[in-house]
Amino acid sequence: MRVSKGALLVGIVLLVPFVIELRTALSWFGIEITVVESALVGLALAVAITAWALWPPNEDGEAADRS
Amino acid sequence: MRNAYVDQFPAEARVVKSAFWSSFLALAIGGIFGLVQALHRTDVLRFIDSTDYYTVLTAHGVLLAITFTIFFLVGIFTWAVTTSLDRGVVDIRFTWSWYVMMVTGTVLVAVAIFSGFLEEPPSILGSELYADVLFTFYSPLQAHPIFYIGLVLFVVGTWLAGFDWFRTWWAWRDENADERIPLPTFMVLTTTLFWYICTLGVALSILAFLLPWSLGIVDSVNPLLTRTLFWYFGHAVVYFWLMPTYVMWYIMLPKLSGGKLFSDPLARVVFVLFLLLSTPLGIHHQYLDPGIAEGYKFIAMTNTMFLLLPSLLTAFTVVASMEHGARQRGGEGYLGWLTALPWRDPVFTGMALAGLMFAAAGFSGMINAGMNINYLVHNTWWVVGHFHLTVGTAVALTFMAAAYWFIPQVTGKELWSRSVALGQVLLWFVGMTFMSNAMHRSGLFGMPRRTAEPQYQNFDFEPAVGTVAEMDAQVALGAVLLVVSLVLFLLNMVLTSFNGTSDSIPDNTYAGTLSGPEDAPEILDNLKLWTAIAVVLVIFAYTLPLASIVESGGLFGPGIDGRQLSLGADLEPALETLREVVA
C-alpha cells in the first residue's frame, strides 16, 4: 500500500464534504446534477483513491500501520 | 512501571473521572434530544408535540453547550494544572466541593427544564416549575427561579474551580519563584481570567434582574439590557469551550504526531489575545437588535475580526507542529508528510478532523461577524450550522477523541476498542458534514432557526440548488449518523470502565517544545497586566452601550417609575456627545 489503512480511510472520509459541495459548486457554472449523480461521482472518486492507495504495493503503508 | 495520571495523582484522578462522566451523561441526553429535534423539524419523524419542541431544544442547548462542555473543561484543566506543575491540588476536599456545587446546579437546572414535559408541572415557590427559555435564557422568556438558582450554583462552582487552579499555581510558585509558568497552566489561568470577567455579566443579569423577576420581586425587566448582559457572557463562553480544545491541539496533537510543539511563545501570545478580546465583542450577536447604535456594533465587529488573529496563529502553530511530528516519523515532500501521520490513532484523527472542521467554522463565523452580511443569515439555520461546526465538532469531537486518551489515564484501564473509536470519530465527521452543510445552505435562503415547524402555507423557500426536501433529508441523515457515532462513543467508554486495570497505559506526558518558554518575553506571564488591559477593553466596549440602553429603557423596563437610571446633570451632555460620535 502507498499509505496506511488509517490514512486511506481518512482520505475517503475527507471526500464527503467535497462531494456534497460539488453540486453547489457546479451549479455556478450552470451544471446541475442530482443527488444520485453526486453519490456516483463520490463513489468513483473513492474507488480511484483506493486503487491508487493499493497499487502498486510497497511497504510504506504497512510500516505506517504498525507504527 | 506504569506512570499514568491515576498513578501520579490518584485523588485528583477521581475528581477528573467524575467530571468526565458528568459530561458524558449530559452528552448522551443532549445528543439524543438533538436527533429528536432534527427529525421533528424536518418532518421526517414526529413523536412529540410541537409545543414540547422548545423544552427539547432548551435541554439540548443547556446540556450540550453548558454542561457537557464545562464539565469536560474542568476535568481537562485540573489534569493540565496538576500534570504541568507536577503537584496535586492544595486541598482535595475543596476540589470536590466545587464539583459537587456544579452537579447540584446542573440537577436544579435539569429538573426545571424537564418539568416542561409534564402535563401539569408542580407549583413551587408560588409558580409553575418550567424553563422553556432556550440556551440563551434572556427575557422576555421567563423560567422558574430554580432554573436561575441552578445556573448560579453551576457558575459559582466554576469560579471556585478557577480559584482552585490559581491557588495550586500559587503554591507551586512559592517553591519555584524564578520559573516560568508551565504552558498548560498558563493556558488554564488565562482562560480562567476571562471566564471571571465574562461571567460577571451573566451573574448580574441573573441576580439583579431575572431571578428577582421570576420571584415576583420586580414586575418587569428591560429585555434589551438582559439580552446585552447575556451576550456579554454569551460569546466569551464560546471561547471558554474552545480553550480546552486549543489546549489539546497545542499540547497533545504534536505529541501524538510524533513531534514537539512548534512554539511555546506563540501559544502564550494566542492565549493572551483570547484573554484580551474574548469579552468586548458580544454585541456582534445583536446586530439586528434595535436600541443599540450602529457605532457600538461596529466596534464589536472590529474586535471580533481581531480575534481571527489568534485562531490563524493556532492553525499555523498546530499544523507546523504536526508537520514536524510527521517528518520525525519519516514523512517527506511538500504534502507527502501528511500520509506519515498516525491516522490509525483515534485520538489523533479525531482531533485533527475537529481542527479541519474548525477551519470551515471560522469562515462561516466571519460571515456571522460581518455586520452587513450578517443581516442575510441572522436567526437562520445558517447560524445553527455554524455552531455545530464549532462547539458541535471542533469542541465535541476533540473532547471525545481526548477521552480515548484520558479515560485510560484516570482509570488505569485500557481502551475497549481503538478500531471502534476510529470509526466513531470518522462517523462524527461524516454526520456533521451532512447536517451542517444542509443547515448552512438552508440559512442562505432564509430558513429560520428555533422553530418546530418551518413549513409555511402559501410560501415556498427557494434553494439555489436542490430542494428543501433534499436538505431536510440531509439534515436528518446527518443527525442519525451523529447519534450512531455518539452511541459508539458511549459504548466504548462504558465497556472501557468494565475492563480490568492494565499495565500498558501510556505515561502521563504532554508535548515538548521546539521553541520553549525561554524564548518567550517574560511580560507574557504578567497576568495582572493582561487582566487589567482586558478589563479596560471591556469598559470601552460596554460602558456607553449599557448606559444608553438603561437610559432609554430603564433598568426594569421603560416607564417603570422609580427604576430609571438617572445620570448626573454634568454627565448627560458628555454622554450625548460621545453617542453622536459613535453613532
**OP:** Could you check how much of the accessible area of segment B:261-369 is carbon and sulfur, as a whole percent, using a 1.4 Å probe?
**Re:** 75
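As an exercise, use a Förster radius of 45 Å and the Cβ-Cβ distance of B:F298 and B:R2 to find the FRET efficiency, rounded to the nearest 0.05.
Working: r = 56 Å, r/R0 = 1.26.
With R0 = 45 Å, the Cβ-Cβ based efficiency is 0.20.
In peptide B:83-95, what is the residue-averaged number of other protein chain Cβ atoms found within 10 Å of each Cβ? All intermediate terms of the calculation are to be shown ahead of the outcome.
Working: counts 0, 0, 0, 0, 0, 0, 0, 0, 0, 0, 0, 0, 0.
That average works out to 0.
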Subject >> Directionally averaged projected area (convex hull, Cα atoms, segment B:309-465), nm² >> reply: 12.7
Original post:
For the charge dipole of the protein assembly as shown, defined by +1 on Lys and Arg C-beta atoms and -1 on Asp and Glu C-beta atoms about the Cα centroid, which residue among B:N437, B:M243, B:G333 has the Cα displaced farthest towards the positive pole?
Top reply: B:G333
**OP:** May I ask you to compute the full-extension gain from B:S50 to B:L356, defined as 0.36 nm times their residue separation minus their alpha-carbon distance, rounded to one decimal in nm?
**Re:** 106.6 nm
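Add -39500 (n - 2.57) for each DSSP H run of 4 or more in chain B, then divide by its residues: what number comes out at 222 nm, to the nearest 500 deg cm²/dmol?
Numbers: 22 runs with 376 residues, N = 583.
Using -39500 (n - 2.57) per qualifying helix, the result is -21500 deg cm²/dmol.
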Subject >> DSSP H segments from chain B that extend 27 Å or more along their own axis, Cα-based, with Kyte-Doolittle mean of -1.0 or above >> reply: B:10-41, B:92-114, B:145-175, B:183-204, B:308-328, B:346-369, B:418-444, B:468-498, B:527-553
Original post:
Which percent of the accessible heavy-atom area of segment B:84-171 goes to carbon and sulfur, probe 1.4 angstrom?
Top reply: 67
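Pull out the extension gain between B:A171 and B:L288, defined as 0.36 nm times the separation in residues minus the alpha carbon to alpha carbon distance; nm, one decimal.
Working: separation 117, 0.36 × 117 = 42.12 nm, distance 4.77 nm.
Difference between extended and current length: 37.4 nm.
Please find the FRET efficiency linking B:Y456 to B:H378, where r is the Cβ-Cβ separation and R0 is fixed at 25 Å, and quote it to the nearest 0.05.
Working: r = 19 Å, r/R0 = 0.74.
Calculated transfer efficiency: 0.85.
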Subject >> Carbon + sulfur, % of accessible area of segment A:5-53 - ligands and nucleic acids excluded, 1.4 Å >> reply: 81
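For segment B:185-284, what is the convex hull volume of the alpha-carbon atoms per residue, in Å³? Could you put the intermediate results ahead of the total?
Working: hull volume 9.7 nm³, N = 100.
It comes to 97 Å³ per residue, whole-number rounded.
If I stretch the segment between B:L335 and B:I560 completely, what's the gain in nm (0.36 nm per residue apart, minus their alpha carbon distance), one decimal? Provide the component values of the computation, followed by the final result.
Working: separation 225, 0.36 × 225 = 81.00 nm, distance 6.52 nm.
Contour length minus the Cα-Cα distance gives 74.5 nm.
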Subject >> Accessible area that becomes buried as B packs against A, both chains, 1.4 Å probe, Å², nearest 100 >> reply: 1600
Original post:
Could you list log10 I(q)/I(0) for the protein assembly as shown at q = 0.08 Å⁻¹, which the Debye formula gives when each Cα is one point scatterer?
Top reply: -0.61
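Between Rg and the Kirkwood Rh of chain B, both from Cα atoms, what is the Rg to Rh ratio?
Details: Rg = 23.8 Å, Rh = 24.8 Å.
When Rh is taken as the Kirkwood radius, the ratio is 0.96.
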**OP:** Would you pull out the residues with amide H under 5 Å of B:T380's amide H, same chain only if 5 or more places away, H placed 1.01 Å from N?
**Re:** B:R449
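To the nearest 20 debye, what charge dipole does segment B:5-582 have about its Cα centre, counting +1 at the Cβ of each Lys and Arg and -1 at the Cβ of each Asp and Glu? Write out the running numbers ahead of the final one.
Numbers: 25 positive and 41 negative charges, 186 e Å.
Approximately 900 debye in magnitude.
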**OP:** Please grab the % of Cα pairs in segment B:1-81 that end up more than 17 Å from each other.
**Re:** 55
Original post:
Going 7 Å from the Cα of A:W52 in the Cα-to-Cβ direction, what parts of segment B:312-329 have a backbone nitrogen less than 20 Å from that spot?
Top reply: none
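Cβ neighbours within 10 Å, averaged per peptide: list B:66-73, A:5-12, B:332-339 in order, most packed at the top.
Working: B:66-73: 25.8, A:5-12: 20.2, B:332-339: 13.8.
Ranking the peptides B:66-73, A:5-12, B:332-339 by packing returns B:66-73, A:5-12, B:332-339.
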Original post:
Put a dot 7 Å past each Cα toward the Cβ at B:F114 and B:V484; how far apart are the dots in nm?
Top reply: 2.9
**OP:** May I ask you to list the lysines whose Cα is less than 28 Å away from that of B:K17, ignoring any residue fewer than eight positions away on the same chain?
**Re:** B:K255, B:K260, B:K413
**OP:** Treat every Asp and Glu Cβ in the protein assembly as shown as -1 and every Lys and Arg Cβ as +1, leave all other atoms uncharged, and give the resulting dipole magnitude about the Cα centre to the nearest 20 debye.
**Re:** 940
Original post:
Which residue, chosen from B:Y375, B:A13, B:L129, occupies the Cα position most advanced towards the positive end of the dipole of the protein assembly as shown, where the dipole is computed from +1 (Lys, Arg) and -1 (Asp, Glu) charges on Cβ about the Cα centre?
Top reply: B:A13
Original post:
What FRET efficiency comes out for the pair B:S502/B:A11, r = Cβ-Cβ distance, R0 = 22 Å, nearest 0.05?
Top reply: 0.60
**OP:** Just the number, please: Stokes-Einstein D of segment A:5-53 in µm²/s, Kirkwood Rh from C-alpha pairs, 37 °C, 0.692 mPa s.
**Re:** 289
Original post:
In peptide A:10-22, how many Cβ atoms from other protein chains are near each Cβ within 10 Å, on average?
Top reply: 5
Original post:
About its Cα centre, how strong a charge dipole does segment B:1-128 have in debye, to the nearest 20, once Lys and Arg get +1 and Asp and Glu get -1 at the Cβ?
Top reply: 520
**OP:** Report, as an integer, the average count of C-beta atoms from other chains found within 10 Å of each Cβ along B:428-434.
**Re:** 4
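The values are calculated or read from the model by the stated rules, or taken from the named source; none is laboratory data. Here the structure is a predicted model, which means the values were calculated and not measured. Note that we place each Cβ from the backbone using ideal geometry, even for glycine, and neighbour counts take in every protein chain shown. Heads up: the accessible areas ignore ligands, DNA and RNA and are worked out on the full protein's heavy atoms, side chains in. Shrake-Rupley method; radii C 1.70, N 1.55, O 1.52, S 1.80 Å.
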